Amino acid sequence: MREEPFGAVAAMQSFRTVDEVLAKANALPYGLAAYVFSRSTRTLQQMTDGLEVGLLGLNGCNIAAAETPFGGVKNSGYGSEGGSEGIEGYLTTKLVSEAAL
């Protein structure tokens, strides 16, 4: 529960309250991705607001697509390499206005 595996690993643990889950999850030095499965919209909203991660899947595992930003927080790294967020650092906005001659 203290490692950041890259592969098909699902760490599961029982809990009593959402606050307990958030405290355990956010105590980790990593924050790339998390997945929450619940029938309760209240629980899903609490997890959305409280989890310190760059990617969050709610009731599903498909969180990565070409158009979505990809990036973590904490020791998982910062930034967004996908989506428009990944290219913004390489762009300079410039307004050019031409008056009629």
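Only one entry of L32, L28 meets the criterion of being hydrophobic (A, V, I, L, M, F, W, C), touching a Lys or Arg at 6+ places or on another chain (Cβ under 7 Å) and either open to solvent by less than 50 Å² (accessible area, probe 1.4 Å) or modelled with pLDDT of 90 or more (or both), and that entry is L28. Number of residues in the range 25-53 that are of a type in the set (A, V, I, L, M) and in a loop (DSSP other than H, G, I, E, B) equals 5.
Scanning the range 35-62 for residues that are open to solvent by 30 Å² or more (accessible area, probe 1.4 Å), touching a Gly at 6+ places or on another chain (Cβ under 9 Å) and farther than 18 Å from E3 by Cβ turns up just one, F37.
So in the range 76-86, with the set limited to residues that are in contact with a Gly (Cβ under 9 Å, 6 or more places away or on another chain) and surrounded by fewer than 12 Cβ atoms within 10 Å (Cβ to Cβ), which one is modelled with the lowest pLDDT? Spell out the reasoning first.
Here is the first cut: in the range 76-86, the residues in contact with a Gly (Cβ under 9 Å, 6 or more places away or on another chain) are 76-82, 85-86.
Next, only the ones that are surrounded by fewer than 12 Cβ atoms within 10 Å (Cβ to Cβ) stay: 78, 81.
On the way: Y78: 61, E81: 58.
So the residue we want is E81.
The values are calculated or read from the model by the stated rules, or taken from the named source; none is laboratory data. Computed from a predicted structure; not experimentally measured. Positions of Cβ are generated from backbone atoms using ideal geometry, with glycine treated the same way; all protein chains shown enter the neighbour counts. Only protein heavy atoms, including side chains, enter the accessible area calculation; ligands, DNA and RNA are left aside. Shrake-Rupley method; radii C 1.70, N 1.55, O 1.52, S 1.80 Å.
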